[in-house]
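A.B. asks: One structure, pasted below without further comment.
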């Protein structure tokens, strides 16, 4: 069998040409091989494999996770030979993990500059970001999470120079700088498991990214809300130029909404609930049954929206919420949830100022990602394509600050890459 050489790079932040992403999702893992080119990501190979036990209620199983990821990665890498002129085997991998196993830690740091007449340098900003990272570490330690969790990634939400918001402060003049950051923590047991899996795959684990951070990446609005409805939980985040500012989480998901709506029908299994809802949406129920179900369904949707709004009020440091909202139903089980966010009830739940505009998150709206495989389309691949957009942005030539922050976060132990990896 032919041996494919892997060049060991001393600096994982060096310019990359190829990168692997893995998204750990409920019931399976997806792998994709990317070819990066100045802010764009080309999907050259993609595959999925079943993996059970991924979520907050299960402990990581390294052997099971490795078996699934090995299968997905092998198929994705083999596909690259058909999408391009040769087989591509990247050295580095970014892994996306479920949001419910992570925590967010927003941080704001500010300082007055010693010499306002000198332009702001990259070294000055790097020092500023390190200060924000140390502040986040101290806060996590104070909250008692230092032993069980660690910071795995972070993002710069907003820079302010003399009270004016700017996208990149380097080269500007000013007396005072403020930066808002959001860091993400994951259980140490998850971190070590992912490191072990990456090691067996002979990949260097360059970053660990929560699902909601990946989903937010393609949202280029200066300020917008993002709501993700999952099977067992929901979250709402403020997204600024594709980066998370804060996240509100509610323990109400699609499963609880549907169970609550159908409890009067004494159904014995999820399959029966699915059949009942299918008949309801097709208008095939008897009129009295339909009316009973509709009332219960609207009650559950109101409780879901109320729970999200209550959590948002607790974490959001703002008095007004942006009226543009991006929504995605991850299990695609409750299409009525998006419609409920267009009602006067939701408008009254939070101080929007005007009726919210609700937009469905779709793969077609993920910019700068090209799929040469023609197999990464549709809602099931929104997470993977959003993660590809995130990677393309991080390693774009003009996004030095993103790479600086990744380099500072030292959760990973010294990683070694094997000098060669056997072709699969």
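A.B. asks: Could you tell me the relative contact order of the chain? Use alpha-carbon pairs under 8 Å, at least six residues apart, and round to a whole percent.
C.D. replies: Details: 826 pairs, mean separation 90.9, N = 424.
Averaging sequence separation for qualifying contacts and normalising by length gives 21 percent for the chain.
A.B. asks: Just to confirm my numbers, what's the Cα centroid distance between the stretch 323-360 and the stretch 134-159 in Å?
C.D. replies: 31
A.B. asks: For the pair residue 296 and residue 75, what calculated FRET efficiency results from E = 1/(1 + (r/R0)^6), where r is the Cβ-Cβ distance and R0 = 45 Å, to the nearest 0.05? Before the final figure, lay out each step's value.
C.D. replies: Details: r = 44 Å, r/R0 = 0.97.
The pair residue 75/residue 296 has a calculated efficiency of 0.55.
A.B. asks: Normalised by the number of residues in the stretch 224-360, what is the relative contact order in percent for Cα pairs under 8 Å and 6+ residues apart? Provide the component values of the computation, followed by the final result.
C.D. replies: Values: 203 pairs, mean separation 40.2, N = 137.
After rounding, I find 29 percent.
A.B. asks: Further question: Given 0.36 nm per residue, what is the gain on full extension from residue 365 to residue 17 after removing their alpha carbon distance, in nm?
C.D. replies: Values: separation 348, 0.36 × 348 = 125.28 nm, distance 2.38 nm.
Using 0.36 nm per residue and subtracting the Cα-Cα distance, I get 122.9 nm.
A.B. asks: May I ask you to list the residues of the stretch 331-371 whose amide nitrogen lies under 14 Å from a point 7 Å from Cα along the Cα→beta-carbon direction of residue 85?
C.D. replies: none
A.B. asks: In nm, to one decimal, how far is the residue 165 label point from the residue 231 one, both placed 7 Å along Cα→Cβ?
C.D. replies: Taking the two extended label points, one gets 3.7 nm.
A.B. asks: Expressed in nm to one decimal, what extension gain is obtained for the pair residue 310 and residue 188 from 0.36 nm per residue of sequence separation less their Cα-Cα distance?
C.D. replies: Numbers: separation 122, 0.36 × 122 = 43.92 nm, distance 2.97 nm.
Working it through step by step, the gained length comes to 41.0 nm.
A.B. asks: What area, in nm² and to one decimal, does the C-alpha convex hull of the chain cast on average over all directions?
C.D. replies: Working: hull surface 89.2 nm².
Spelled out: convex hull of the Cα atoms, projected over all directions, averaged, 22.3 nm².
A.B. asks: Please give the calculated 222 nm ellipticity per residue for the chain, where each DSSP H segment of at least 4 residues contributes -39500 (n - 2.57) and the sum is spread over every residue; nearest 500 deg cm²/dmol?
C.D. replies: So the calculated ellipticity at 222 nm is -11000 deg cm²/dmol.
A.B. asks: Would you mind telling me the antiparallel percentage of the DSSP bridges in the stretch 224-360, rounded to 5? Please report the intermediate quantities before stating the final value.
C.D. replies: Values: 13 of 22 bridges.
Bridges in the stretch 224-360 are about 60 percent antiparallel.
A.B. asks: Report the gain in length on full extension from residue 303 to residue 202: 0.36 nm times residue separation, minus Cα-Cα distance, nm rounded to one decimal. Intermediate results must be reported in sequence, preceding the final value.
C.D. replies: Details: separation 101, 0.36 × 101 = 36.36 nm, distance 4.68 nm.
Working it through step by step, the gained length comes to 31.7 nm.
A.B. asks: What is the order of 211, 390, 410, fewest Cβ neighbours within 10 Å to most? Walk me through the numbers before you get to the answer.
C.D. replies: Numbers: 211 24, 390 28, 410 9.
In increasing order of surrounding Cβ atoms, one gets 410, 211, 390.
A.B. asks: Of the beta bridges DSSP finds with both residues in the chain, what % are antiparallel, to the nearest 5?
C.D. replies: Expressed as a percentage, antiparallel bridges in the chain total about 70.
A.B. asks: For residue 374 and residue 26, what is the calculated FRET efficiency with R₀ set at 30 Å and r taken between the beta-carbons, to the nearest 0.05?
C.D. replies: With a Förster radius of 30 Å, E is 0.75.
A.B. asks: Counting only the backbone N, which residues of the stretch 326-356 are under 15 Å from the spot 7 Å out from the Cα of residue 285 toward its beta-carbon?
C.D. replies: Within reach of a label on residue 285, which here means backbone N under 15 Å from a point 7 Å along Cα→Cβ, the stretch 326-356 contributes 334-337.
A.B. asks: Testing the spin-label approximation: label points 7 Å from Cα along Cα→Cβ at residue 319 and residue 61. State their distance in nm.
C.D. replies: 5.3
A.B. asks: Okay, moving on. Please compute, for the alpha-carbon atoms of the stretch 182-315, the extent along each of the three principal axes and give them in descending order in Å.
C.D. replies: That works out to 58, 38, 24 Å along the principal axes.
A.B. asks: Only Cα pairs under 8 Å and at least 6 apart count here; give the relative contact order of the stretch 167-258 as a rounded whole percent.
C.D. replies: Numbers: 99 pairs, mean separation 18.7, N = 92.
Reported relative contact order: 20 percent.
A.B. asks: Tell me the label-point distance for the pair residue 259, residue 173, using the 7 Å Cα-to-Cβ offset, in nm and rounded to one decimal.
C.D. replies: That separation, rounded to one decimal, is 6.3 nm.
A.B. asks: Another one. Provide the packing ranking of 315-325, 107-117, i.e. peptides ordered by the mean count of other C-beta atoms within 10 Å per residue, highest first.
C.D. replies: Numbers: 315-325: 15.2, 107-117: 12.4.
Listed from highest to lowest mean packing, they are 315-325, 107-117.
No value in this document is a laboratory result; all are computed from the given coordinates. The model shown is predicted, which means the values in this text are computed figures rather than measured ones. Note that we place each Cβ from the backbone using ideal geometry, even for glycine, and neighbour counts take in every protein chain shown.
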